[in-house]
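What follows is calculated from the coordinates using simple rules that are stated; it is not laboratory data. Computed from a predicted structure; not experimentally measured. Note: ideal-geometry Cβ built from the backbone for every residue, glycine included; neighbour counts use all protein chains shown.
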Amino acid sequence: MYFSKVMSGCVDLRGPRAGAPPASYDPLPPIWTHPDPQSVTRAGPGPLNRASTRTAAAKKELMMWESLREALDEEMERDPTVCLMGEDVGHYGGSYKVSYGLHKKYGDMRLLDTPICENGFMGMGVGAAMTGLRPIVEGMNMGFLLLAFNQISNNCGMLHYTSGGQFKVPMVIRGPGGVGRQLGAEHSQRLESYFQSIPGVQLVAVSTAKNAKALLKAAIRSDNPIIFFEHVLLYNVKGEVEGPEYTQCLERAEIVREGTDVSIFCYSRMRYVVMQAVKQLEKEGYNPEVVDLISLKPFDMQTISRSVKKTRRAIIVEECMKTGGIGASLSAVIHESLFNDLDHEVVRLSSQDVPTAYAYELEAATIVQPEKVVAAVHRVVGAPAGVAYA
Amino acid sequence: MTPRLSSCSRTGGAGADRLAAFRPSRGPQRPTRAARQVFAKAVATPTKEASTSASKSASISSETAKELYRDMVLGREFEEMCAQMYYRGKMFGFVHLYSGQEAVSTGVIKACLRKDDYISSTYRDHVHALSKGISARKIMSELFGKKTGTCRGQGGSMHMFDAEYGLLGGYAFIGEGIPVGLGAAFTSAYKRRVLGDDGADQVAVNFFGDGTCNVGQFYESLNMASLYKLPCIFVVENNRWAIGMNHLRATGSTLGDEEPWIHKKGPAFGMPGVHVDGMDVLAVREAALEAVARARRGEGPTLIEAETYRFRGHSLADPDELRSREEKEHYAARDPIPQLRAYMLKHGLASETDLAELHASVAAEVDDCVEYADASPKPDMSQLLENVFADPKGFGIAPDGRYRYELPGFTAGTAEVS
């Protein structure tokens, strides 16, 4: 079968199946919590019972920043050419603690504290990657990487091609992005929409502690340049993580919840916004399928087209701006390739095309809230299929 | 306060000592070792040949001199052939010729670097590639856009790369190659300091022009090179013009000077700044040998400003109307090739026959590379999609579950990859 062939070295990861609530996936700050956050509407073991179903030697629970740190630690130990460079990644341990304490273990050269010169140290990372190292370059905030656009676009993405395949650039460019908590316009940017057109790079967005660790390991081991999007508000999300040899396929999407009514495509923090809406939707009798894109570029067209063929309706929930976002690309692709499988036009829920204001209410109005997702499902699906749930 | 030639007590008069303005300032402290290395050679007049021939080290062998000469002649003949080929419609786009600047490429790369050292360049990279050792055939084929080119026809004039000889590119945006070269120097230092490879003493040399010295990446790289003590050498080929912008109009003068000296920016970033006559290959070689030796010893970076000149316009599309005839004649009189020729003949390092033989062999090599490039095949369509990713899984998964690189059209360049 194709699967065993294409997934050598990868693990086909599906999210938790319908019927069992996922590991605690509700990290939304209280102001955005749905009115009824604690109700569990599905049969199955609740949070308190889960411990008893796990064996003693089972996986541990870590917060996302810890799981990323663990991935870094394991990969740096495994391969001495892996190094991290960025602002405050060494002695400070990273502004989100992702490299906390690692400089004591690996030294100042492998955890390189750079001066504040994004374009410069990004280029230095490219040169190091071309000559045998596997650097991870951290942007303290993804937004700062706008300053490194020259190096990311021209050199990171294009060098393998313009050199006729002579030099590879096995870099990981990572950092926190997305809208946080009243961080102001410049710290609330979504750079995935700017980077997506760059040929020669892959874009990956993580959302759980488990996939963060597994994807970071895969990204470090990959020979391609990977732009790795973390989210400022997800670093404290807790979840089970796997062991040192567990990696996740960089090109595959994750099915968070199987369903039949509508396919909701999301990524990063919007996964949680959507799952928050799903709680409400389940109560109303809807059965949405939720797909976490993971790979923003290239799209996993197998998972996406399977899902759309099954449900015949698609909603995209993203934190990017409406104009030119990941949703814009995905919407175009779905319309072009799955036109006859659609019963409704693809609906995009994106952020407003405005700079993110500082004031809480304005900020909340800029991005997609669970209520909007619920309303979109109502609009796209109409009346629920009427299947009763326990 | 601001030192002036006329008021400098050491010189005893205005204009008497042209070097006065370039000497390190006499502060209360003894100049550091690095500061003492800031020296300059007077470069403005054609008569300097007499003064510098005495200062050149006589310890250059006949063999080395002939190698340097041949390398410069190869650079010159190759570039002249490029101009011919361009006007005959064999190469297209933007082609930037190096004619006149050969002494810098030969003096730094041919004279001082090993095969495993790295260089990064700008769009004016043909001769850097030749000096580094890449065959003229591969470079001409690349310019013709053929499959046998050094980048399989995918790079072109401005993007020459060679992994075997450590040519890290060929960049169109000035300044963007400097951090890349710095990264190669970082790898060299990393091998020594982290991986324990004591023999890893490769150096990286970055070539760029006067215009680049206003780009932020230049300063960012100077800082990091000095901060981390990386074996990186910055060579500024100051040919005084950035397309139509004269250096004096684009860059502010350094304090107390009438010229925007670029080498003076070196000490500000903790490295020696050396000014050298870029039309004199032996002077360039001398400065570069010391800079490379410094870097290999682990003492850190050096900034070399080479005063040079391009005899042709910025590119083959440049009408070159702004530069004065006088300026062009002045530098034509300082052409590096006749200079070295005269030196070699004078010091008995080669005879007229030897030099004629070298010229003939270069002419043969250049003719051969044109024939080879002409006869080479064009790139296949398979090259459209190959090499975009080192791991072709980067194109993702198609609707039927296969990776896109497995689709039949991929090799033909017709597969839908997005």
Go ahead and set up a Gaussian network model of chain B, Cα springs under 10 Å, then flag whichever of B:Asp117, B:Asp71, B:Asp197 fluctuates most. B:Asp197
With just the Cα atoms defining each centre, how far is region A:318-348 from region B:236-315? Give it in Å. 53 Å
To the nearest Å, what is the center-to-center distance of region A:244-277 and region A:156-234, using C-alpha atoms only? 18 Å
So what does log10 I(q)/I(0) come out to for region B:278-418 at q = 0.21 Å⁻¹, using the Debye formula with one equal point on every Cα and no solvent? -1.21
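If eta is 0.692 mPa s and T is 37 °C, what Stokes-Einstein diffusion coefficient results for region B:79-121, Kirkwood Rh from Cα pairs, in µm²/s?
Details: Rh = 12.3 Å.
Estimated via Stokes-Einstein, D reaches 266 µm²/s.
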Top positive-direction residue, dipole computed over region A:57-168 with Cβ charges, set A:Gly101, A:Met130, A:Ser67: A:Met130
In the Gaussian network model of chain B, springs joining C-alpha atoms below 10 Å, which of B:Asp400, B:Asp368, B:Asp198 carries the largest mean-square fluctuation? B:Asp400
Could you list the trypsin sites (Lys or Arg not before Pro) in region B:325-381 that lie in coil according to DSSP, counting only those with at most 14 other Cβ atoms within 10 Å of their Cβ? none
GNM flexibility winner over chain B from B:Ala65, B:Ala200, B:Ala129 (Cα, springs under 10 Å): B:Ala200
To the nearest 0.05, what FRET efficiency results for B:Asp400 and B:Asp320 with a Förster distance of 45 Å applied to their C-beta separation? 0.20
Simple spin-label estimate for A:Leu146 and B:Thr414 in nanometres, 7 Å along Cα-Cβ: 4.4 nm
Beta bridges per DSSP with both ends in region A:254-381, % antiparallel, nearest 5: 20 percent
Here, B:Met245 and B:Ala363, labelled 7 Å along Cα→Cβ, have an inter-label distance in nm of 4.2 nm
Rounded, prolate or oblate (a/c below 1.5 giving rounded, otherwise prolate when a/b exceeds b/c) for region A:254-381 by Cα gyration tensor: oblate
Within region B:299-351, report the GluC sites (Glu not before Pro) that DSSP leaves as loop and that have at most 13 other Cβ atoms within 10 Å. B:Glu321
Approximate spin-label separation B:His347-A:Thr260, in nm, with each point projected 7 Å along Cα-to-Cβ: 9.1 nm
